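The values are calculated or read from the model by the stated rules, or taken from the named source; none is laboratory data. Everything quoted here is computed from the prediction, not taken from an experiment. Neighbour counts run over all protein chains shown; Cβ positions are idealised from the backbone, glycine included. Heavy atoms of the whole protein, side chains included, go into the accessibility calculation; ligands, DNA and RNA do not. Shrake-Rupley method; radii C 1.70, N 1.55, O 1.52, S 1.80 Å.
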Amino acid sequence: MDKVGQMQQTIERLTSPGRGILAADESYPTITKRLADHNIESTEETRRFYRSLLANTPGIGEYVSGIIFFEETLGQKNDDGVRIPQACEQQDIVPGIKVDKGLTDLPGSPGDKITQGLDNLGDRLDGYLEQGALFTKWRNVYAISADTPSRQAIEANAEVLARYAAIVQSRGMVPIVEPEVLMDGSHSLERCAEVTEAAQSALFAALRRHQVILEAVILKPNMVLPGKDVQPRPSAEVCAQATLRVLRRTVPAAVPSINFLSGGQTCEEATANLNAMNQASVSKPWVLSFSYSRALQNPVQAAWAGDNANKAAAEQAFLKRARLNSLARQGQYRTELETTD
Ligand code: 5MM
């Protein structure tokens, strides 16, 4: 199969009905922090056990089409000695890999960051492909303050994200592009909308400049919300309306799927907001689904608590959250299901 055919096949699998993506690609410092929140130590073995549990939960393939991993996991095996990417394939889950190398300060723009990792990216991709990864992810971040993000930060980050996507497609892999406007702060929903629109406009201009095939890209954006210090929180309908307005202005219809990040929302908020978007009557030419990390994994980590005797409870917690998000991806979620499902 040629590279375009390979990417089309991966897109079809990732966007299949009723399913979404799990982000389990936390770098060492991030997974250490997430597990510490549940008093779990982060070691090579606890990470292996936990991420195998995610990939091997019986029945999870009904709701999860792809899992984004951190590079350590691609080389690890489950308890049956099967490599984790191959274990994913046994449940028709596409294995993916986060390929960015994290953030650094952007000189000239105090308070802004730029994402690193383009050096040797092509060579790294060849190795990830051999290990079974068929898609990739790269995250940019934009913090909102009175002075940030600067125009320089928006343009420089867009350029880097587009270069990443072009390199990934040259290997026949599908790039997820993640321009994350952070929720930290007390900014208004309108300010989040303004920054999200600017970041996505610059991104799609850059993707065109780099001749990225839009039909073989997945966008992973933030939802449009006020800063997390703002109370009361907006309704799901208000979030959906504001988010869809920005997406309709910036994302070409050629893009097959938009898979949101959860960004620090509660599990229930992230599910309800996705559901409201899928219920909205305004026209939406893309699949609207999830690529959550915290909003899928928090209950799993709480149920596991680092004690492997809790494996079955952790699997049940994962199945429940994934099933509710699958319903939201179809506009069929109801809040009552949180307690009755
Ligand atoms: C924004 O973070 C991504 C989505 O997670 P949430 O749904 O929790 O917002 C997530 O994929 C993130 O990129 C990974 O956790 C990797 O983070 P680090 O900081 O370790 O690269």
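Does segment 264-285 hold any residues that are in contact with a strand residue (DSSP E or B) (Cβ under 8 Å, 6 or more places away or on another chain) and surrounded by fewer than 21 Cβ atoms within 10 Å (Cβ to Cβ), and which are they?
Listed by number, the list holds a single entry, Asn278.
Can you name every residue in segment 43-67 that is open to solvent by less than 30 Å² (accessible area, probe 1.4 Å) and not in a helix (DSSP H, G or I)?
Thr57, Tyr63, Val64, Ser65, Gly66, Ile67
Going by the conditions given, is Thr57 at pLDDT 95 or above and within 15 Å of the ligand (Cβ to nearest atom)? Show your work before the answer.
Values: at pLDDT 95 or above: yes; within 15 Å of the ligand (Cβ to nearest atom): no.
Spelling it out, it is not the case that Thr57 is at pLDDT 95 or above and within 15 Å of the ligand (Cβ to nearest atom).
Out of (1) open to solvent by less than 10 Å² (accessible area, probe 1.4 Å); (2) within 16 Å of the ligand (Cβ to nearest atom); (3) under 15 Å from Val168 (Cβ atoms), what's the single condition that is false for Leu125?
Only one criterion is unmet by Leu125, namely (2).
Could you please give the count of residues in segment 96-121 that are within 19 Å of Ile167 (Cβ to Cβ), surrounded by 19 or more Cβ atoms within 10 Å (Cβ to Cβ) and not hydrophobic (A, V, I, L, M, F, W, C)?
Total satisfying the criteria: 4.
If you take the residues of segment 91-106 that are assigned to a strand (DSSP E or B) and more than 10 Å from the ligand (Cβ to nearest atom), which of them is farthest from the chain's Cα centre (by Cα)?
By that ranking, first place goes to Asp105.
So, in segment 244-276, exactly how many residues are closer than 30 Å to Arg208 by Cβ, without any contact (Cβ under 8 Å) to a residue 40 or more places away in the chain and within 16 Å of the ligand (Cβ to nearest atom)?
1
Could you figure out which of (1) under 20 Å from the mean Cα position of the chain (by Cα); (2) closer than 15 Å to Met223 by Cα isn't true of Gly331?
Here Gly331 clears every test but (2).
Using beta carbons and a limit of 9 Å, which pairs, at least six apart or on different chains, have the first residue in segment 295-322 and more than 15 Å from Arg47 (Cβ to Cβ) and the second one at pLDDT below 95?
Lys320/Asp341
Kindly evaluate Val181 against the criterion of being within 17 Å of Pro221 (Cβ to Cβ) and either open to solvent by less than 50 Å² (accessible area, probe 1.4 Å) or of a type in the set (Ser, Thr, Tyr) (or both).
Numbers: within 17 Å of Pro221 (Cβ to Cβ): yes; either open to solvent by less than 50 Å² (accessible area, probe 1.4 Å) or of a type in the set (Ser, Thr, Tyr) (or both): yes.
In short, yes.
Considering only segment 300-328, state which residues are over 24 Å from the mean Cα position of the chain (by Cα) and charged (D, E, K, R).
Correct list: Asp307, Lys311.
From the set of residues in segment 25-36 that are among the aliphatic types (A, V, I, L, M) and more than 8 Å from the ligand (Cβ to nearest atom), which is least open to solvent (accessible area, probe 1.4 Å)?
Step by step, filter segment 25-36, then rank; the result is Leu35.
I'm told Gln231 meets every condition in (1) closer than 24 Å to Gly18 by Cβ; (2) without any contact (Cβ under 8 Å) to a residue 24 or more places away in the chain; (3) of a type outside the set (Lys, Arg) except one. Can you identify the failing condition by its number?
Failed condition: (1).
Cβ-Cβ below 7 Å, separation at least six or inter-chain, first residue in segment 1-18 and within 16 Å of Gln91 (Cα to Cα), second among the charged types (D, E, K, R): which pairs?
Matching pairs, first to second residue: Gly18/Arg329.
So how many residues does segment 125-148 have that are touching a Gly at 6+ places or on another chain (Cβ under 9 Å) and without any contact (Cβ under 8 Å) to a residue 40 or more places away in the chain?
The total comes to 2.
Tell me, yes or no, whether segment 185-207 has at least one residue that is modelled with pLDDT of 95 or more, under 24 Å from Glu71 (Cβ atoms) and away from the ligand (no atom under 15 Å from the Cβ).
no
Could you check how many residues of segment 132-149 are open to solvent by 40 Å² or more (accessible area, probe 1.4 Å) and within 13 Å of the ligand (Cβ to nearest atom)?
Summing the residues that are open to solvent by 40 Å² or more (accessible area, probe 1.4 Å) and within 13 Å of the ligand (Cβ to nearest atom) in segment 132-149 gives 1.
If you go through segment 150-178, how many residues are within 16 Å of the ligand (Cβ to nearest atom) and open to solvent by 10 Å² or more (accessible area, probe 1.4 Å)?
Matching residues across segment 150-178 total 1.
If you take the residues of segment 277-303 that are over 18 Å from Ala317 (Cα atoms) and among the hydroxyl-bearing types (Ser, Thr, Tyr), which of them is nearest to the ligand (Cβ to nearest atom)?
In this case the residue turns out to be Ser289.
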